[in-house]
Ligand SMILES: [Zn+2]
């Protein structure tokens, strides 16, 4: 971490027609659904995504009067692990609060969230922009519940608009990761988000799927003249459904605010929505202050006391984080930084690589495995599909065993790789045996071919003996051809040398 730069330190300023240079200040709020079986405060299934509307509901998540919420232990574990992974301090006591607002998809009229005593505080994350490692602060991680979903439609006959409400999502465990306003460009924002999602996926607490709404992001953006330290009025942007949208929306918003400031105007503190089709942000409402929500402690839930040893156990169970694994791959396997980055991009790929490599592998074998995973394998799979083919890591290892032992050559290995990829019936050794693809290591057969090659290429033999060493290449080629390409090049060379020596003396 010491080698990294604080985000934004080397970023260019935004300069408009007036020549005033502005610094862009960005802070992101990430909402991630937690991968638990049940909802945050009731036993309903949290796997709501493709379920028929309003089938994963009960009196608790429907917000009916007289019911009592119960905290989901697995959700607390997942959020705690996230806090630890982001280098936060886990608060010994945290509590739930009611965030009051009225909206049709919020049947209780309030959302249970955490306000002044959140679960985790004060972390940091590193990410890479343009090959440079940067870091940004994490303000806090807190737990809350998701809302339902409104669906807007219109009657096909009358054209009259109406809305439907699906409460399957209401009460799904959610955590909010609030970042410090440390980001200075749309590219930094996208890289920060990518790094957060990578960590959540590594530790298995969220799918991180943005298209399904399991991973969402709001961006707070303001500008200030370079050299000043007070923050300008900030605008919150919502409705960004992809990493690309986050970058585009921020870039648009920076330009919009700069034009207003250059024209002598002031920025209204407000919430704006990103419109993907129009490629612009549109005003939605003036931004609420925290006191608009009339937060107060949730009277139905006691404060949550975090047992220190329980937190330590969660930390111990946590998977190795991407940055640590990247560093280990580089040092343990002598990998180039670029390869280490590629192979740790997703946990599935990193796990596959290490399983294919096996224990106690040499540096040479590690290089061979890197080449086959990042070459032929990546030509056919990605992180999502790597475990869905017949080519298990163990079967790839079997193929590389043959290649490393010189029993097959590179061309044959590619052919067997394709067979292994398409069918799980045989292992590499069985395919090589059945198809007769093994290299001929038999001295007698190779010597016979060498002698035949000499007879057919007497001029080359003479050239070699006359001092033209390059002539040997033609003899190797001729021998290989006679052997149908399946002889071991090392043995061919050795026997050729022996036979050439005999010719010289004879
Ligand atoms: Zn429920």
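Read the figures in this text as sums done on the coordinates, not as results from a lab. Bear in mind the structure is a predicted one, so any value in this text is a computation, not a measurement. Every residue, glycine as well, gets a Cβ built from its backbone with ideal geometry; the counts of neighbours run over all protein chains shown.
So the values come out like this:
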read-out: Estimated distance in nm for a label pair at residue 469 and residue 155, the labels positioned 7 Å out from Cα along Cα-to-Cβ; value: 9.2
read-out: Sequence-separation-based contact order of segment 313-423, relative, with Cα cut under 8 Å and 6+ spacing, percent; value: 23
read-out: Relative contact order of segment 202-322, defined on C-alpha pairs under 8 angstrom at six or more residues apart (%); value: 22
read-out: Distance between modelled label sites at residue 305 and residue 355, nm, 7 Å Cα→Cβ extension; value: 4.3
read-out: Degrees separating the helix 243-262 axis from the principal Cα axis of the chain, which is the longest one; value: 50
read-out: Length released on extending from residue 392 to residue 244, taking residue separation times 0.36 nm less the Cα-Cα span; value: 50.0 nm
read-out: Whole-Å distance, taken between Cα centres, linking segment 215-254 and segment 54-73; value: 35
read-out: Sorted by Cβ density within 10 Å, fewest first, the residues 80, 229, 147; value: 229, 147, 80
read-out: Residue exposure sequence - 325, 244, 169 - by fewest surrounding Cβ within 10 Å; value: 244, 325, 169
read-out: Cβ-based exposure ranking for 138, 491, 260, in which fewest neighbours within 10 Å come first; value: 260, 491, 138
read-out: Residues of segment 89-127 with amide N under 18 Å of a point placed 7 Å along Cα→Cβ from residue 164; value: 104-106
read-out: Cα gyration tensor shape for the chain, rounded if a/c is under 1.5, else prolate or oblate; value: prolate
read-out: Difference of contour (0.36 nm per residue) and Cα-Cα distance, residue 276 to residue 262; value: 2.4 nm
read-out: Rounded tilt (10° steps) of 308-317 against the dominant C-alpha axis of the chain; value: 30
read-out: Rg [Å, one decimal], Dmax [Å, integer] - segment 130-195, C-alpha atoms; value: 19.3, 57
read-out: Segment 151-248: relative contact order in percent, alpha carbon pairs under 8 Å with at least 6 residues between; value: 20
read-out: In degrees, nearest ten, helix 489-505 long axis to first principal axis of the chain (Cα); value: 20
